[in-house]
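Dropping a structure here in structure tokens format, bear with me for questions.
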Amino acid sequence: MWIFQPGIREKVSELAWASTDNPCRTAFLLALEADLDLQDAADLKSSQLELSTRTLRIKRANGGNHATVLSKNLTDALATRLADDADQALLPVLNDPEGMARFLKFAESLLAQAGSSEMPYFDAEQPSDTETGMTRNCFDPWQYLEISSDGAHKPCCRFEKWAKSDIDKISRDEPSFRSLREKLISGKLSPTCKSCSIRKKISVQEFNEKLRKKAEQKKADDLHAPWKLKELRIDINEACNLRCSYCPVSMPGYDGQPMSADILEKVLSLALLTPKGVKLHINGHGETTFHPSWVPFCRSLVDQGKRPLIITNLAKNYSDEEIDLLSYFSVVQVSLDSADEGMMQKIRKPARVGKIFEDIARIRAAAIHDGRRPPVMSLSVGIYDPSIWALSDFVDRIVSMRMNEVTFWNLVKYEHDKLTRPLRDLSAQDADRAAAILSNIRQRLDAAGIAYVFAGDFDGPDGRDMLAN
């Protein structure tokens, strides 16, 4: 498995597709998509790729064998490289010293453009083709679609982007979607799914039982086919007004861009055509309300009867017009980890806790003033050291503010972050304290009638389940 710095894998893939150096581009993308070390990639023969099924049958240097289904775009690129002789190298650029030197220079250039300060490495101890008996409890690839700020699309909020020339021609039945569904069904997870912090681990058997039950309810015979769209997420901005210490946005070299006017126009048309009942998320990996055109874009949706959902840090000086617009949303989820002003100023600079809670009240008041039901007011709360030690006080504030719901998430550590650490890094004694706090706040939220969910796996030291009673 190729191990990159957080956020780099997706960037180098996008940069590679944009390259005009076809031999190096194709070799690089194949090594990335099939997770092959360079020796295995150099040993590939033309006969190992079956064009009709897009299946690459890999004979590994260590003697193992594996088959993987490639994306249509990559298969098409490889088809132009196929030689008439089945025993000829599939990737000639990797088979002579000059070609390999050219390839390495190509890869170094991509990494530099992507802002990587470290070279990736191949971890042979993480066999991506070994059945582990576990998968992720995730149905996103069957019922979810995300449009990134550059117009590319994704099957979930964590996955790498898939480029498409025309947003109108995106198909959730395309090979890349079907291949991802097969990996979830079989438990032979992609690196992205293996490291997911959003969906819990589950046995392959239990997942398939759930999948078949859902498919029967939807009268879907083909388990690899998409279901009716449930959620459309539009990531209109990858830039952010905050620099949270633990977020990829704070990594050196991060260059988040807002969605351009022409892509905004295309995704607006797509959003307006979504059937009633589809959850329409206007948020992404940056701050939606930091986009200069977020008000006219969202106003167009609201004026057509849409009630979008948004995740926001709510850390701007909002005008009355912006507050009024937010009051028309169905859900406003605010990203905030603590009521401790000093802690948040340091970790989520320059967030102001008091101002955030004032604006929550303003949104509710704007709806009530017009005789409308206020949005569901929600919180997205990161759990880590030091936020866990102030969590009880934060829950006091959550209860007093009568928040409707809370989502808790467990920190994934990035190397650039020097201010926080995940629960798994706690000492055994501190883990006991943290588990007691989590148990206590669950009881208090239950008593207050506030809905909550713990997203993903909440692992502590030595794999301890921090939510176990």
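Mind listing the long-range amide H neighbours of Ser380? Cut-off is under 5 Å, sequence gap 5 or more, other chains count too, H placed in the peptide plane at 1.01 Å from N.
Distant-sequence amide H within range of Ser380: Val334, Ser335, Leu336, Thr407.
Between Lys418 and Gln205, how many nm apart are label points set 7 Å from Cα along the C-beta direction?
5.0
Let me ask you something else. Hey, which lysines would be in cross-link range of Lys59, C-alpha to C-alpha under 22 Å, not counting anything within fewer than 8 residues on its own chain?
Lys45, Lys72, Lys183, Lys188
Over region 347-449, what is the relative contact order in percent, taking alpha-carbon pairs closer than 8 angstrom and at least six residues apart?
28
Could you work out how far the C-alpha centroid of region 223-269 sits from that of region 394-469, in angstrom?
26
Now a separate question. Describe numerically, in nm with one decimal, the distance between label points set 7 Å from Cα along Cα→Cβ at Gln88 and at Ala112.
3.3
Within the chain, which cysteines find no other Cys whose Cβ is under 4.7 angstrom from their own?
Cys24, Cys138, Cys156, Cys157, Cys193, Cys196, Cys240, Cys298
Using the per-residue mean of other Cβ atoms lying within 10 Å as a proxy for protection, in what order, highest first, do the peptides 384-394, 313-323, 209-219 fall? Each step should come with its number before you reach the end.
On the way: 384-394: 17.8, 313-323: 16.2, 209-219: 12.1.
Highest to lowest by the protection proxy: 384-394, 313-323, 209-219.
Sticking with this one: What dipole magnitude, in Debye to the nearest 20, does the chain give about its Cα centre under +1 on Lys/Arg Cβ and -1 on Asp/Glu Cβ? If you can, show how the numbers build up before the last one.
Working: 63 positive and 67 negative charges, 306 e Å.
Roughly 1480 debye for the chain.
Determine the calculated [θ] at 222 nm for the chain from helices alone, applying -39500 (n - 2.57) to every DSSP H run no shorter than 4 residues and normalising by the residue count; nearest 500 deg cm²/dmol.
-11000 deg cm²/dmol, from helical runs alone.
Efficiency by 1/(1 + (r/R0)^6): what FRET value for Leu273 and Asp173, r their Cβ-Cβ distance, R0 = 30 Å, to the nearest 0.05? Walk me through the intermediate numbers first.
On the way: r = 18 Å, r/R0 = 0.59.
Approximately 0.95, to the nearest 0.05.
By average Cβ neighbour count within 10 Å, what is the ranking of 293-299, 375-381 from highest down? Let's see the in-between values first.
Values: 293-299: 17.4, 375-381: 20.3.
Packing proxy ranking, top to bottom: 375-381, 293-299.
Also, I was wondering about something else. If we sort 403-413, 253-263 on the protection proxy, mean other Cβ atoms within 10 Å, highest first, what's the order?
403-413, 253-263
Hey, another quick one. Given region 314-453, what percent of its DSSP beta bridges are antiparallel, to the nearest 5?
5
So what J values fall out for region 294-304 if you push phi through Karplus, 6.51 cos²θ - 1.76 cosθ + 1.60 with θ = phi - 60°, rounded to Hz, Gly and Pro as x?
5, 5, x, 4, 6, 5, 4, 5, 4, 5, 9
Further question: Enumerate the calculated ³J(HN,Hα) couplings along region 204-212 in order (Karplus 6.51 cos²θ - 1.76 cosθ + 1.60, θ = phi - 60°), each rounded to whole Hz, writing x wherever the residue is Gly or Pro.
Those phi angles translate into 4, 4, 5, 4, 5, 5, 5, 4, 5 Hz.
Something else about it: Could you grab the Rg to Rh ratio for region 263-392? Cα atoms only, Kirkwood for Rh.
0.99
Could you tell me, in Å, what Rg and Dmax come out for the Cα atoms of region 239-339?
Looking at region 239-339, its Cα Rg and Dmax stand at 14.1, 41 Å.
Can you work out the Karplus-derived ³J(HN,Hα) for every residue in region 100-106? Use 6.51 cos²θ - 1.76 cosθ + 1.60 with θ = phi - 60°, whole Hz, and x for glycine or proline.
Those phi angles translate into 5, 4, 5, 5, 5, 5, 4 Hz.
Taking amide H positions as placed 1.01 Å from N in the peptide plane, with prolines and chain starts having none, which residues 5 or more places from Met259, or on another chain, fall under 5 Å of its amide H?
Those lying under 5 Å, H to H, from Met259 are Asn237, Glu238.
Taking amide H positions as placed 1.01 Å from N in the peptide plane, with prolines and chain starts having none, which residues 5 or more places from Met401, or on another chain, fall under 5 Å of its amide H?
none
Read the figures in this text as sums done on the coordinates, not as results from a lab. The shown structure was predicted, so the numbers you read here are calculated from the model rather than taken from an experiment. Please note: Cβ atoms are built from the backbone with ideal geometry, for glycine as well, and neighbour counts cover all protein chains shown.
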